[in-house]
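Structure first, commentary second.
The values are calculated or read from the model by the stated rules, or taken from the named source; none is laboratory data. Being a predicted model, the structure only gives us computed values, none of them experimental. Cβ: placed from backbone, ideal geometry, glycine included. Neighbour counts: every protein chain shown. Accessible surface areas use protein heavy atoms only, side chains included; no ligands, DNA or RNA. Shrake-Rupley method; radii C 1.70, N 1.55, O 1.52, S 1.80 Å.
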Amino acid sequence: MIATRMRQRKTAAADAPGAPSRPKVVVVGAGFAGLAAVEELSKLSADVTLVDRHNFATFQPLLYQVATAGLNPGDVAFPIRTVIRSMARTKFQQGELASVDAERKFIVLEDGRTIDYDYLILALGATANYFGIEGAREYSHAIYTLDEALDVRNHLFHQFEQAVAHGVRDGALTFVVVGGGATGVELAGAIAELAHKALYTDYTSLNPDDVKVILIEQQSRLLEAFNEGLSEYARRELRTRGVTVLLQEAVQAVEPGVILLHSGREIQNGLVLWAAGVAVPSVIGRLGLPTGRSGRLMVGGDLRVLGSESIFAIGDVALASDPTGNPLPQLAQPAIQGGRHAARQIGVLVKGEATYPFRYRDKGTMATIGRRAAVAEVGRGIRLSGTTAWLAWLGLHVVTLLGSRNKASVMINWTWHYLSWGKGPRVILGG
């Protein structure tokens, strides 16, 4: 009660006649970076507007589990209005960014609405990078949104149903994952486990040997960002789960039902999943702001877009660098830390003080291969694999989920799957 009254008094003082006006801050994107920025901004005396095309925040690291029927869609989505409910001066508007008028300081949404700002934070996240490969965009599936995850789940089970109805032909139960980074490894392992569990419970008329999961990686090893020993561990664990790993293979083209490799190999398949790289949303290139490598917005040390005094870029869309000059990875931790930093710099600027540079603290990275198998690199060179890394991966993802209900639901689902190899939400939704 005392804390509530104190907040009310501060609010009343800020609203009093003659009080300095509060800066208007617009944050575009409700991913890790945007939400971290909004949370930090709530500590300032600022009017904040959060904009996103969805009215929910998605926990992207677990989208692949929705796609492979390990979790329900609601487990990884949380209403934005609930997130900001306790932030008195923060409001939400659903919409997609169309343009930015940096000179007159307002943004335009796709439906024509405009929103003024004193400071703008761009945190639009990432999408798939197809590297100009013919047919990749049209005939493969990426998983960056909840809709895409559900689409992949529908396709997976459609292939099983078609195989039961018409027999296994033309690689109908061959699933190809392109990209041997963390997302590709997690997808390949999950699909392999799903396929064999599903065959033993739901699709008993099918032969497990007809299911093939193929992981294609252009480099000489998987998980190139990890220690070489952990990369080899991941490769071995995938092989024990029946995944065929093709290293130093590059995709030449993707056609309906066929993927063509530069080596001349052709693989007939029922589904191609694209996890080969990330790109920024196409709108970034239309904003008239300076871009660099991979189309990412060029930023200074304080994360302001080069040439701008009031526009920040954070997360996947920002070309921020570490002290050695290498671009920061497009991962959750750089996004979260960058979001907090940008918000703090706005607080500094409002006070008329000089900003200070962003310093990323590498807290490590993790990837799971499947049941009781994962790899992790954490602070001070600590490397984990197997059950220990798997438990650490589970714990981290539960802790960072939004909402108590989501945390409880995910824990219950994971516990049920572990104890009983439960069936999961194996349903085809929509058309």
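With the structure loaded, tell me whether Tyr130 is in a loop (DSSP other than H, G, I, E, B) and either within 21 Å of Leu247 (Cβ to Cβ) or open to solvent by 40 Å² or more (accessible area, probe 1.4 Å) (or both) or whether it fails that test.
Here the answer is yes, as Tyr130 does meet what is asked.
Being among the aliphatic types (A, V, I, L, M) and farther than 16 Å from Glu237 by Cβ is the filter; apply it to segment 215-225 and report the residue that is surrounded by the most Cβ atoms within 10 Å (Cβ to Cβ).
For segment 215-225, the residue satisfying everything is Ile216.
Can you tell me which residue among Leu35, Leu63, Leu41 is under 16 Å from Thr127 (Cβ atoms), touching a residue at least 60 places away in the same chain (Cβ under 8 Å) and not small (Gly, Ala, Ser)? Outline the logic, then answer.
Working: Leu35 fails: under 16 Å from Thr127 (Cβ atoms); Leu41 fails: under 16 Å from Thr127 (Cβ atoms).
Unique residue meeting the criteria: Leu63.
May I ask you to list the residues in segment 100-127 that are under 20 Å from the mean Cα position of the chain (by Cα) and buried (at least 20 other Cβ atoms within 10 Å of the Cβ)?
Of everything in segment 100-127, those that are under 20 Å from the mean Cα position of the chain (by Cα) and buried (at least 20 other Cβ atoms within 10 Å of the Cβ) turn out to be Ile121, Leu122, Ala123, Leu124, Gly125, Ala126.
Just a yes or no: is a residue in segment 416-428 farther than 23 Å from Ala57 by Cα, open to solvent by less than 40 Å² (accessible area, probe 1.4 Å) and assigned to a helix (DSSP H, G or I)?
yes
Okay, residues lined up against (1) assigned to a strand (DSSP E or B); (2) in contact with a Leu (Cβ under 6 Å, 6 or more places away or on another chain); (3) open to solvent by 60 Å² or more (accessible area, probe 1.4 Å); (4) at pLDDT below 85:
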position	(1), (2), (3), (4)
Val375	yes, yes, no, no
Trp393	no, no, no, no
Leu396	no, no, yes, no
Arg405	no, no, yes, yes
Asn413	no, yes, no, yes
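State which residue is surrounded by the fewest Cβ atoms within 10 Å (Cβ to Cβ) when the search covers only segment 134-151 and only residues that are outside any loop (DSSP other than H, G, I, E, B) and among the small types (Gly, Ala, Ser).
First pass over segment 134-151, keeping only residues outside any loop (DSSP other than H, G, I, E, B): 134, 136-139, 141, 146-151.
Pick out the ones that are also among the small types (Gly, Ala, Ser) and you get 136, 149.
Details: Ala136: 21, Ala149: 25.
Result: Ala136.
Yes or no: Arg169 assigned to a loop (DSSP other than H, G, I, E, B) and at pLDDT 90 or above?
Considered against the rule, which asks whether it is assigned to a loop (DSSP other than H, G, I, E, B) and at pLDDT 90 or above, Arg169 comes out as yes.
When segment 52-78 is examined, which residues are found to be touching a Pro at 6+ places or on another chain (Cβ under 7 Å) and farther than 17 Å from Asn413 by Cβ? Break it down stepwise before answering.
Here is the first cut: in segment 52-78, the residues touching a Pro at 6+ places or on another chain (Cβ under 7 Å) are 55-56, 66, 69, 72.
Once the filter is applied, which keeps residues that are touching a Pro at 6+ places or on another chain (Cβ under 7 Å) and farther than 17 Å from Asn413 by Cβ, segment 52-78 yields Asn55, Phe56.
Take Lys197 and tell me if it is closer than 19 Å to His158 by Cβ and in contact with a Ser or Thr (Cβ under 6 Å, 6 or more places away or on another chain).
no
Might you check whether a residue that is in contact with a Pro (Cβ under 8 Å, 6 or more places away or on another chain) and closer than 30 Å to Lys91 by Cβ occurs anywhere in segment 131-141?
no
Every residue, every condition in (1) charged (D, E, K, R); (2) touching a strand residue (DSSP E or B) at 6+ places or on another chain (Cβ under 7 Å); (3) crowded, with 18+ Cβ neighbours inside 10 Å, yes or no:
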{"position": "Asp52", "(1), (2), (3)": "yes, yes, yes"}
{"position": "Tyr64", "(1), (2), (3)": "no, no, yes"}
{"position": "Thr68", "(1), (2), (3)": "no, no, yes"}
{"position": "Thr82", "(1), (2), (3)": "no, no, no"}
{"position": "Gln93", "(1), (2), (3)": "no, yes, no"}
{"position": "Ala98", "(1), (2), (3)": "no, yes, no"}
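Can you tell me which residues in segment 192-210 are more than 26 Å from the chain's Cα centre (by Cα) and either open to solvent by less than 10 Å² (accessible area, probe 1.4 Å) or among the aromatic types (Phe, Trp, Tyr) (or both)? Don't jump to the end; show me each part of the working.
Taking segment 192-210 as the starting set, the residues that turn out to be more than 26 Å from the chain's Cα centre (by Cα) are 196-210.
Listed by number, the residues that qualify are Ala198, Leu199, Tyr200, Tyr203.
Within segment 377-391, which residues are exposed (fewer than 15 other Cβ atoms within 10 Å of the Cβ) and of a type outside the set (Gly, Ala, Ser)?
Arg380, Ile382, Thr387, Thr388, Leu391
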